[in-house]
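Structure first, then comments.
Quick note: the coordinates plus some simple rules give every number you see, no bench work behind them. These numbers come from a predicted model, not from an experiment. FYI the Cβ positions are ideal-geometry reconstructions off the backbone, even for glycines, and counts take in every protein chain you see.
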Amino acid sequence: MPFCPDTTIAATYRRDRLAHRAAGWELQQRSATHGAGYSSAHVQCIITIMILPFTKMQGIGNDFVVVDARTGLEADWPEAAVAWCRRHFGIGADGLLVISNAPDADARMEMFNPDGTRDFCGNGLRCVARFVADGMPGAGRRQLRIATDAGVRQCEVAYDGSGVTVTVDMGLPAFDPPGIPMAVDLPEVVDYPLPLTEAPSLPSPAPRGRVRAGAALTISALSTGTTHAVTFVDALPDDAEFLTVSPEVELHPLFPERTSLMWVRRVSESRLSMRIWERGASETLGCGTGACAAAVAARRKGLIGRSATVASAGGELTVTWDPGEHILMAGPAERVFEGRVEL
């Protein structure tokens, strides 16, 4: 039986319920008869459970639990992310997005990975922009500013007959190791041989683009609001290579805050394809900051032009960048369903 530690909870329940309903939340009242430790007396206590509405959203298969906390809701969001993002046992998602008020923007986005760590997310940003824009008056194109841990980002949400396209200004990429961050004494990290200890069993010599244990993975590292390592390959890795090498790179000691790893194949001057390993989330179907990192790294190597389509298992994004410019990323952001969850 649950123990009711606060004897005032019954008295305050009615007041709190009215306040929380006005804020868009709901409190449920549960009673429990508790007699353990008492000779014959039974104490009736009230347990208060908060029921929170949420929206499930996705951008190219990168899916999120979105909570609108602009009415002042506070909670242990890292703990909630761990519980809610767990597939098969929770709601299931690549991350939790919490929307709150911001003094210098239309809203603020906080993003939490499935392991509870705080991060920045490009597809999450596009979903939040769509969510906030849906509640704004008017039609057609809507301009708004979203505050994030990586700074305030300008967003445009365009509504037309074929769907909704969200374009975001992702800011300037960072190439200096302290800004990535990566613990190497170099001005930039381009075609860097990252030493590995783990890799699947491969013939010797290994096929081109494949990694052997004790060898090195050639990467370029940068930040597009969050840390990324990008490796260019002739063919995207199979599961054996991907699931062995990717987590080792994520946890590599040269990345003090861990890193995501983008496996990228050049298809043409205007198209890249990639397989994604995200720090704190493992494999995902899409990654907005990762698509930006892949396009920027490819552009710097002369593999693509100023604008390119970046395709992953969940869909396609358009990334536009030239040296010295801000990165622009465009793609869909969709509502999947609405629900309620205990907090």
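Where Lys and Arg each count +1 and Asp and Glu each count -1, what net charge lies around C155 among other residues with Cβ under 12 Å from its Cβ?
Values: positive: R126, R130, R141, R142, R145, R153; negative: D106, E156, D169.
In short, +3.
³J(HN,Hα) across the stretch 171-179 via Karplus (A = 6.51, B = -1.76, C = 1.60, θ = phi - 60°), whole Hz, x for Gly/Pro?
The phi angles translate into x, 8, x, 10, 10, 6, x, x, x Hz.
Expressed in nm to one decimal, what extension gain is obtained for the pair A215 and R340 from 0.36 nm per residue of sequence separation less their Cα-Cα distance? Let's see the in-between values first.
Values: separation 125, 0.36 × 125 = 45.00 nm, distance 4.87 nm.
Between A215 and R340, full extension yields 40.1 nm more.
Quickly work out the D134-to-T197 label distance, labels modelled 7 Å from Cα along the C-beta direction, and quote it in nm with one decimal.
The modelled label-to-label distance comes out at 4.6 nm.
Fewest first, what order do T117, T227 take by the number of other Cβ atoms within 10 Å?
By the 10 Å Cβ count, ascending: T117, T227.
Can you give the local net charge around T309? Use residues other than it whose beta-carbon is closer than 10 angstrom to its beta-carbon, Lys and Arg +1, Asp and Glu -1. Show your work: numbers first, answer last.
Values: positive: R271; negative: E316.
Summing Lys and Arg as +1 and Asp and Glu as -1 gives 0.
Going by a ≥ b ≥ c, the root eigenvalues of the Cα gyration tensor, does the stretch 229-343 fall in the rounded group (a/c under 1.5), the prolate group (a/b larger than b/c) or the oblate group?
Since a/c reaches 1.5 but b/c is at least a/b, the shape of the stretch 229-343 is classed as oblate.
Which net charge results when you count Lys and Arg as +1 and Asp and Glu as -1 among the other residues whose beta-carbon is under 9 Å from that of R299?
+2
Round to the nearest 0.05 the FRET efficiency obtained for V152 and E74 when R0 = 25 Å and r is the Cβ-Cβ distance.
Here the calculated transfer efficiency is 0.65.
Going by average Cβ neighbours within 10 Å, how do the peptides 148-154, 316-322, 54-60, 185-191 rank, with the highest at the top? Working shown, then result.
Values: 148-154: 18.1, 316-322: 20.7, 54-60: 22.6, 185-191: 12.7.
The peptides rank, most packed first, as 54-60, 316-322, 148-154, 185-191.
Go through 283-293, 330-340 and give me the packing order, highest mean Cβ count within 10 Å leading.
Result, highest mean first: 283-293, 330-340.
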